[in-house]
Every structure is written in structure tokens, then in C-alpha cells.
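Notes to accompany the following structure.
The values are calculated or read from the model by the stated rules, or taken from the named source; none is laboratory data. Remember, predicted model here, so these are calculated numbers, not experimental data. As a convention, Cβ positions derive from the backbone with ideal geometry for all residues, glycine included, and neighbour counts pool all protein chains shown. Just the protein is used for accessible areas: all its heavy atoms, side chains included, with ligands, DNA and RNA removed. Shrake-Rupley method; radii C 1.70, N 1.55, O 1.52, S 1.80 Å.
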Amino acid sequence: MQRHVNDEYVKRSQKEGYRSRAAYKLLELQEKDRFIKPGQVIVDLGAAPGGWLQVAASLVGRKGLVIGLDLLEIDPLAGVELIQGDFREESTLEQLNRVLDGRPVDLVLSDMAPNISGVAAVDQPCSMYLCELALDFCRQSLREGGGFVTKVFQGEGFDAFYRDVKSSFGRVVTRKPKASRPKSREVYLVAGNYHS
């Protein structure tokens with residue numbers, strides 16, 4: 001708790017009005033790779049509490065569309081469509097399709113993480129499973145040439161997942177933003193040029 005309270009990114013997020021310190025990870029990735037562009041349609045999986053949604057909405061502008069999906073309720077955000085539900089379920093996907101109204105998805109974001117138990121042998125497979133679900137979602141929803149940004153924890157299954165992403169995207173890079181805690185095994189894969 002003390003580490004969290006004293007964290008420079010937590011303090012900045014409170015001062016600058018972001019819902020979470022994770023906003024700075026996305027801003028840093030965006031600065032390097034420029035994957036969010038005005039007018040895009042973006043789906044953010046596991047979007048609560050909404051830090052990534054705030055960043056995405058400010059970058060796509062009025063002509064863009066940002067949709068946040070999560071099992072948890074997310075407080076309303078200007079310029080963002082919110083869907084509470086499990087994106088693996090048909091009813092949630094139907095809601096998503098209604099909101100998309102035929103517009104193709106340009107970018108899928110995923111900062112999902114399982115509820116951490118502290119047992120690596122349990123947490124790592126759960127984390128990789130969420131990554132695989134997000135990649136499956138990309139394969140169902142992304143337009144040709146689209147992008148994907150996802151959090152991955154390094155460890156068992158990482159290399160196989162990286163290869164799997166590489167099989168569907170023309171460009172994949174691994175990034176470790178400064179806003180990620182140094183001791184954390186989390187990295188982000190930034191993928192572009194989707195091809196089915």
C-alpha cells in the first residue's frame with residue numbers, strides 16, 4: 001500500500017485526472033509506436049477503471065469510436081461506449097456489434113490481468129490464457145492492417161504466445177514502459193499490420 005501511495009505515477013494520475021497509473025504506460029507506448037490515430041475504432045478489453053479509455057478517446061477525437069469492455073462496471077466517460085460483460089459470451093459480442101454498427105475495428109487494446117494469487121504456477125497460466133483470448137478476439141474483429149497492444153507477463157508460455165502473435169501480424173515489438181514497475185515481469189507487445 002505504501003509503495004502505491006508514494007508511486008510517482010499514482011500521484012501524477014491523481015493530479016492530471018487519469019483513472020489509473022496505467023494511462024502513462026499507454027501514453028509512453030503511443031509516443032514510441034504511434035498506433036492510435038484520429039478517427040480510429042478502438043476496442044479496449046478489460047478496460048476498468050478506464051485509464052486507457054481516457055487516453056484512447058483523447059487521441060481518436062470526435063470522429064473516432066472507443067469501446068470499453070469489462071466484467072466490472074466502469075464509471076461513464078465522455079466519448080466512450082461502455083459494455084459490461086464477458087467478451088467471450090455471445091450476448092456481449094452482440095452488444096459490441098450493435099455499437100460498432102458495421103464499422104471495422106482498427107485497434108484492440110488489452111491491459112487485462114488475472115486476480116493475482118501470488119503463486120506463479122497459477123498466475124502465469126491464467127495471464128497467458130487472457131492474452132490468448134485477446135488474440136482470438138483480434139482474429140474475429142480486426143480489420144486487415146489493424147493493430148493490437150497487449151500486456152504479457154514474461155515466463156512460461158510467453159515465447160509461444162509471441163510466435164502466435166507474429167503469425168498474424170506483420171510487425172511485433174516488445175516494450176517495457178518506464179511506468180511499469182521495475183520488478184514487474186510485465187511487458188507489452190505492440191503489433192501492427194494484421195493479416196488473416
For this session: Could you list, in sequence order, all residues of the stretch 54-112 that are touching a helix residue (DSSP H, G or I) at 6+ places or on another chain (Cβ under 9 Å) and at positive phi?
Result: 79, 85
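The rows are residues; the columns are (1) open to solvent by 30 Å² or more (accessible area, probe 1.4 Å); (2) touching a residue at least 40 places away in the same chain (Cβ under 8 Å); (3) over 13 Å from residue 87 (Cβ atoms); (4) more than 14 Å from the chain's Cα centre (by Cα).
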| site | (1), (2), (3), (4) |
| --- | --- |
| 105 | no, yes, no, no |
| 114 | no, no, yes, no |
| 119 | yes, no, yes, yes |
| 124 | no, no, yes, yes |
| 130 | yes, yes, no, no |
| 138 | no, yes, no, no |
| 147 | no, yes, yes, no |
| 150 | no, yes, yes, no |
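Which residue out of 62, 88 is farther than 21 Å from residue 169 by Cβ, outside any helix (DSSP H, G or I) and touching a residue at least 40 places away in the same chain (Cβ under 8 Å)?
Values: 62 fails: touching a residue at least 40 places away in the same chain (Cβ under 8 Å).
The unique qualifying residue is 88.
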Problem set entry | Residue count for the stretch 17-38, restricted to those that are assigned to a helix (DSSP H, G or I) and of a type outside the set (S, T, N, Q) | 11
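Can you report the number of residues in the stretch 150-196 which are of a type in the set (Asp, Glu) and in a loop (DSSP other than H, G, I, E, B)?
Our first condition is that a residue be of a type in the set (Asp, Glu); within the stretch 150-196, this holds for 156, 159, 164, 186.
Restricting the remaining residues to those that are in a loop (DSSP other than H, G, I, E, B) gives 156.
Here the count works out to 1.
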For this session: Take the stretch 135-149 and flag every residue that is part of a strand (DSSP E or B) and in contact with a Gly (Cβ under 9 Å, 6 or more places away or on another chain).
Result: 145, 146, 147, 148
